[in-house]
Amino acid sequence: MIKVAKVCSGIGSPEQALKELGIEHENVFACEIDKYARQTYLSNFSPNNMFLDMTNGEINNHYSDLFIGGIPCQSFSLVGKRLGELDPLGLLFYDFYKYVKIQQPKYFIIENVKGLL
């Protein structure tokens, strides 16, 4: 069984994909700050832990084989203001990176926009 964790979880599309593909997995944690996305997520999935803030370090104490993050794209989007690291949302990349560095999951997926490069 693969251990899965997700930050900026939204409503849980990767978890739904795993479910539909029949891939047996344990949902170690999810992390979502938006109240309504979190409510929708929890009505469909039962993670072992649900965190509200990926920046406080709590996530770094929980190992996953597959770590997924769809960090906000507004800071880097070509159609946005492109403030990058000057926008607090642009710094979430570093919290994603810190988790990968500490926990060293077998796989990770980070989803964002072309401007992040």
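The residue pairs whose first member lies in segment 94-117 and is of a type in the set (Lys, Arg), whose second member is open to solvent by 60 Å² or more (accessible area, probe 1.4 Å), and whose beta carbons are closer than 8 Å, counting only pairs six or more residues apart or on different chains, are 114/78. In segment 48-64 there is no residue that is open to solvent by less than 20 Å² (accessible area, probe 1.4 Å), out of contact with any Leu (no Cβ under 6 Å at 6 or more places or on another chain) and farther than 28 Å from residue 117 by Cα. Just one of the listed residues (76, 45) is of a type outside the set (A, V, I, L, M) and within 15 Å of the chain's Cα centre (by Cα), and it is 45. Against the numbered list (1) in contact with a Leu (Cβ under 8 Å, 6 or more places away or on another chain); (2) touching a residue at least 24 places away in the same chain (Cβ under 8 Å), residue 77 comes up short only at (1).
Do you know which residues across segment 2-47 are touching a residue at least 12 places away in the same chain (Cβ under 8 Å), over 17 Å from residue 103 (Cβ atoms) and among the aliphatic types (A, V, I, L, M)? Selection gives 11, 18, 23, 33, 37. Within segment 13-47, restricting attention to residues that are of a type in the set (Val, Ile, Thr) and open to solvent by 50 Å² or more (accessible area, probe 1.4 Å), which residue is nearest to residue 111 (Cα to Cα)? Once the filter is applied, the top-ranked residue is 33.
The set of residues from segment 84-117 being assigned to a loop (DSSP other than H, G, I, E, B) and open to solvent by less than 100 Å² (accessible area, probe 1.4 Å) comprises 87, 105, 112, 113.
The values are calculated or read from the model by the stated rules, or taken from the named source; none is laboratory data. Quantities reported herein were computed from a predicted structural model and do not represent experimental measurements. Virtual Cβ from ideal backbone geometry, glycine too; neighbours counted across all protein chains shown. Protein only, heavy atoms only, side chains kept; ligands, DNA and RNA dropped before computing areas. Shrake-Rupley method; radii C 1.70, N 1.55, O 1.52, S 1.80 Å.
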